[in-house]
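Okay, so here's the structure we're looking at.
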Amino acid sequence: MVDHTKNASGGGKPLDAKDSLCLRAPIGGWLCSIADVPDPVFSGRILGDGFAVDPTDATLRAPFSGIVTSLHRAHHAVTLRAEDGAEVLMHIGLDTVALKGDGFTPHVAEGDRVKAGDPLISFDMDVISQLVRSLVVPVVLTNGERFTLAVSGVDREIAAGDEVATIVPQGEATPSKANASEGDAVIVKVRVADPHGIHARPAGLIAEAAKSGAAEVIIRLGDRKASAASPVGLMLLGAQHNDELTIEAKGADGAEIASRIATLLGGPEVPEVSAAASAPEAVASSEPAMPEVAEAPELWGPGVAKTIDGTTASPGLAAGVSVRITSEDFEISEAGADVEQEIKELRAALKTAATDLGAKIAESKGQQAEILTAHLSFVEDPDLRDAAWTMIRDGKSAAYAWKTAIDRQVAALRKLGNPVLAERAADLEDVRRRVLAILLGVSGSATVLPDEAVIFAADLLPSQFADLDLSKVAGIVLAYAGPTAHVSILAASKGIPAVVAAGVGVLCVPDGQPVVLDADRASVRINPPEGDLADIRAAVVRRRERLAANRAATQDDCYMADGKRIEVVANLGGPADVAVALESGAEGCGLMRSEFLFLNRTSAPSEDEQYAQYQAIADGLKGRPLIIRTLDAGADKDVPYANLPKEENPALGLRGVRMSLWQPELLRTQIRAILRVKPYGQTKILLPMIATLADLRDVRKVIDAEMKALGRTAPIEVGIMVEVPSAALISKTLAAEADFLSVGTNDLAQYTLAIDRVNARLAKQLDPFHPAVLRLIQLAAEGARTHGRWVGVCGSLASFPLAAPVLIGLGVTELSATAGSIAEIKAMVRTLDMTKCKAVAEAALALESGEAVRRMLAQSWPEA
Ligand code: PEP
Ligand code: MG
């Protein structure tokens with residue numbers, strides 16, 4: 001029921017409007033003009049036109065019948081939407097968001113339908129009035145572009161329920177002085193710094209920031225727009241790296257929140273205040289097209305021999321039997337029973353899903369925790385919830401409404417043509433499945449698998465992956481997912497061979513077919529000849545035995561067959577990685593990428609915060625060496641609060657040590673934190689992107705000064721990364737003053753071959769095995785040797801067991817690798833002697849390409 005009235009009356013001048021919505025006083029007290037509210041955001045009508053009440057009651061009531069579209073998590077503000085779409089925000093007191101809910105008792109939840117006069121929020125007047133500067137309740141029409149509000153007389157005493165204003169759709173309104181003003185908004189333009197655009201993780205962080213205070217924030221890209229509070233809406237913008245976005249924030253905390261979001265996105269460019277924030281929308285993105293339903297593909301007959309090619313998501317070899325996993329088949333009825341009951345059920349299911357996810361996040365670490373955090377942000381997404389509430393109000397069931405709300409967004413994401421975002425659609429589907437399973441009381445997909453199952457599916461949701469009995473899974477083949485999809489990351493972390501993006505043929509493979517999965521070559525053979533199958537089975541068994549033996553011996557220190565010591569250590573990103581590294585046999589840490597402590601936040605970690613993390617890693621390594629690289633920010637590693645200038649070629653600009661010397665305060669703080677780590681001697685400092693001797697000397701000065709300031713006399717070793725060709729070319733000069741050298745082959749290959757490491761089109765040519773890169777490593781090692789310094793490799797080349805003979809032959813004595821490859825590397829090194837390594841290195845340097853080097857190595861070590 002809409003509380004419509006013709007010719008509103010009640011204490012003020014009757015209004016001449018057809019179909020006007022009568023707005024009743026939501027609270028008793030003194031009715032005053034919105035212009036009298038002692039806050040420029042309300043008095044300036046930045047959020048919209050309205051009125052205010054200085055309350056004498058302590059309960060806020062619905063001013064008309066409608067739906068609760070948002071209830072601020074601090075419970076001090078609520079928005080109600082009438083049946084005709086008019087939306088009114090009621091905000092109890094000023095600066096009350098800071099109370100974080102203390103003193104407020106909500107009587108409604110989002111999605112509730114309320115009648116005029118129903119209680120919305122009660123509050124403790126005595127307590128709150130002590131803590132905030134004003135208890136005045138501004139009542140504001142937030143969609144002034146569609147409706148007009150007129151107040152019928154102010155500066156008078158009113159009781160809750162009195163008719164105080166009318167709202168009429170635009171076009172039908174009598175022109176009035178009290179018409180909604182367009183309102184000012186803080187507008188900030190920003191370019192997207194993340195190389196992957198706005199994907200799930202940044203979208204979640206932005207939404208979190210948007211909801212942290214009193215502001216309504218929208219983000220525009222061209223003619224699209226999204227509410228910043230909706231991670232799904234943000235992903236649907238399809239914003240790519242370097243796209244220019246406009247952040248528009250209205251509200252008391254608008255300026256602060258806009259600036260935080262700009263920082264998360266990549267640093268503000270053009271902050272300004274404009275009065276043109278509420279222009280009509282060119283495109284409303286809330287109703288994307290329904291998903292196209294793909295025809296179910298026809299299955300191939302049993303025994304049909306086929307080969308399917310895809311992309312490697314997780315390397316390895318498997319021989320097994322095909323098992324199809326199709327998407328969930330929940331039986332869902334479209335029609336809802338009782339509206340209020342359906343809303344209650346969906347709300348309860350969302351709450352359970354959020355609680356389950358929260359518990360899982362607390363138990364998990366690393367990428368798994370990040371994936372789950374993105375899922376939690378989807379469960380809390382206001383756009384998804386709003387769409388579902390609306391469908392339930394239209395008579396649909398809770399399950400149908402939730403499924404359809406998600407299906408629409410999934411279809412829209414897939415249509416954007418952005419592979420990263422298309423992969424994130426699987427995360428949304430996961431959230432759909434999770435909530436539906438709770439709603440329908442269905443447990444996870446516990447498909448009973450045969451031994452050596454090779455899973456064939458269109459896609460696998462992370463939760464479906466988690467439900468699989470991994471002891472039975474030999475491999476995974478997916479039609480759609482990409483190599484960076486979350487299921488790919490999970491498969492790689494569990495060492496399960498996986499081929500993805502293999503096309504619809506995957507969906508045609510019937511159950512029970514013999515399969516050979518060669519994930520190294522991204523190839524899948526269905527019904528191969530019996531002889532081949534037997535060979536592969538034998539090879540798989542040999543490989544497993546070898547891996548098991550390598551793992552069993554991985555805790556021993558690593559020596560070559562001729563007795564020469566080679567240290568095999570791990571690359572770490574933070575304290576959470578230490579345990580896995582040690583289990584994998586790491587003899588210490590050769591590269592701690594400290595930038596991970598600085599990413600995805602709005603300000604730098606403090607000295608104490610950094611110190612705590614570094615000390616935790618040192619403690620976790622139990623005396624083993626720890627090499628901490630100073631902040632390597634810039635280019636593809638964006639640290640927004642460093643406020644780096646926009647550069648044409650950021651990879652050639654202020655990055656690594658250059659950025660640190662440009663902003664020495666960040667460096668000083670970090671150096672102090674590292675210098676405090678005990679015991680002295682365990683921890684060393686590594687400097688990224690050293691190109692000249694001056695770079696090294698300038699940082700040394702900072703280190704010396706901070707040592708003096710801290711009163712530390714015990715020396716600390718300082719090494720340099722060899723990532724820039726110049727560093728390799730002048731390694732002799734650098735080694736005279738550096739304590740050790742560590743080659744970063746990722747950047748060294750980038751700068752040697754002039755191929756941007758984030759350019760997917762050239763990714764195959766960016767080959768660290770290229771003889772040009774190897775020559776520079778040789779030069780670095782020669783320079784180091786002149787001064788008796790050791791040389792390690794911490795770039796990705798060190799993680800290839802096959803690279804070990806070449807690198808050792810070139811003079812490298814430390815390999816810092818990913819934890820998962822350590823057992824294999826150690827096993828390889830133990831078979832080597834220096835004479836053979838030198839011969840292999842010589843031969844590699846003389847070859848014509850990286851491909852030729854790989855081929856030669858694969859021929860010499862076919863098992864690796
Ligand atoms: C490298 O460049 O090889 C390296 C180890 O540094 P990062 O990959 O962190 O740039
Ligand atoms: Mg590097």
- Whole number please: convex hull volume per residue, Cα atoms of the range 501-615, in Å³. 197
- Task: Please work out the C-alpha center-to-center distance from the range 779-795 to the range 381-430 and express it in whole Å.
- Result: 55
- Item | Mean-position separation - Cα centroids, the range 485-517 and the range 49-81, in angstrom | 52
- Item | Isotropically averaged projected area of the range 590-668, using the convex hull of Cα atoms (one quarter of hull area), nm² | 5.5
- Task: Could you work out how far helix 254-265 tilts from the main Cα principal axis of the chain, as a 0 to 90 degree angle to the nearest 10?
- Result: 20
- Task: Could you please report the charge total around Cys589, scoring K, R as +1 and D, E as -1 over all other residues with beta-carbon less than 13 angstrom from its beta-carbon?
- Result: 0
- Message: Longer than 31 Å from Cα to Cα, which of Lys701/Lys838; Lys622/Lys826; Lys622/Lys646; Lys494/Lys646; Lys100/Lys646; Lys622/Lys836 are they? Say none if no pair is.
- Response: Lys701/Lys838; Lys622/Lys646; Lys494/Lys646; Lys100/Lys646; Lys622/Lys836
- Note on the structure: Exposure proxy check on His72, His787, His770: fewest-to-most Cβ neighbours within 10 Å is His787, His72, His770
- In whole angstrom, how long is each semi-axis of the equivalent ellipsoid of the range 465-562, when you take the square root of 5 times every eigenvalue of its Cα gyration tensor and sort them from largest down? 28, 19, 12
- Query: How large is Rg/Rh for the chain, to two decimals, with Cα atoms and a Kirkwood Rh?
  - Reply: 1.03
- Message: Using only the alpha-carbon atoms, how far is helix 850-860 inclined from the longest principal axis of the chain? Give it as 0 to 90 degrees, nearest 10.
- Response: 60
- Measure of size requested: the Rg and Dmax of the range 785-864, with Cα atoms as the atom set and Å as the unit; please supply both. 12.3, 38
- Query: With θ set to phi - 60° and the Karplus curve 6.51 cos²θ - 1.76 cosθ + 1.60, what are the ³J(HN,Hα) couplings of the range 795-802 in order, to the nearest whole Hz, using x for Gly and Pro?
  - Reply: x, 5, 4, 5, 7, 8, x, 5
- Which angle between 0 and 90 degrees, to the nearest 10, do you get for helix 771-786 versus the longest principal axis of the chain when only C-alpha atoms count? 70
- Can you give the charge dipole size of the chain about its Cα centre, rounded to the nearest 20 debye, using +1 on the beta carbon of Lys and Arg and -1 on the beta carbon of Asp and Glu? 2680
- Item | For Trp790, distant residues with modelled amide H under 5 Å away | Leu741
- Residue by residue, what Karplus-based ³J(HN,Hα) values in Hz, rounded to whole numbers, does the range 53-64 have, using 6.51, -1.76 and 1.60 with θ = phi - 60° and x for Gly and Pro? 10, 8, x, 10, 8, 10, 10, 8, 10, 5, x, 7
- Message: With a cut-off of 8 Å between alpha carbons and a minimum separation of six or more residues, what is the relative contact order of the chain in percent?
- Response: 9
- Enumerate the calculated ³J(HN,Hα) couplings along the range 691-704 in order (Karplus 6.51 cos²θ - 1.76 cosθ + 1.60, θ = phi - 60°), each rounded to whole Hz, writing x wherever the residue is Gly or Pro. 10, 9, 5, 4, 4, 5, 5, 5, 6, 3, 4, 5, 4, 4
- What does the charge count near Ile455 come to, summing +1 for each Lys or Arg and -1 for each Asp or Glu among other residues with Cβ under 14 Å from its Cβ? -3
- Cα convex hull volume per residue for the range 739-816, in Å³, equals 83
- Message: Nearest 500 deg cm²/dmol is fine: what mean residue ellipticity at 222 nm does the chain get from its DSSP H runs of n ≥ 4 alone, each adding -39,500 (n - 2.57), divided by its residue count?
- Response: -10500 deg cm²/dmol
- Apply the Debye scattering formula to the range 631-740, with a single equal point scatterer on each alpha-carbon and no solvent, then give log10 I(q)/I(0) at q = 0.11 Å⁻¹. -0.36
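Quick note: the coordinates plus some simple rules give every number you see, no bench work behind them. Since this is a predicted model, take the numbers as computed values, not measurements. Cβ atoms come from the backbone with ideal geometry, glycine included; neighbour counts cover every protein chain shown.
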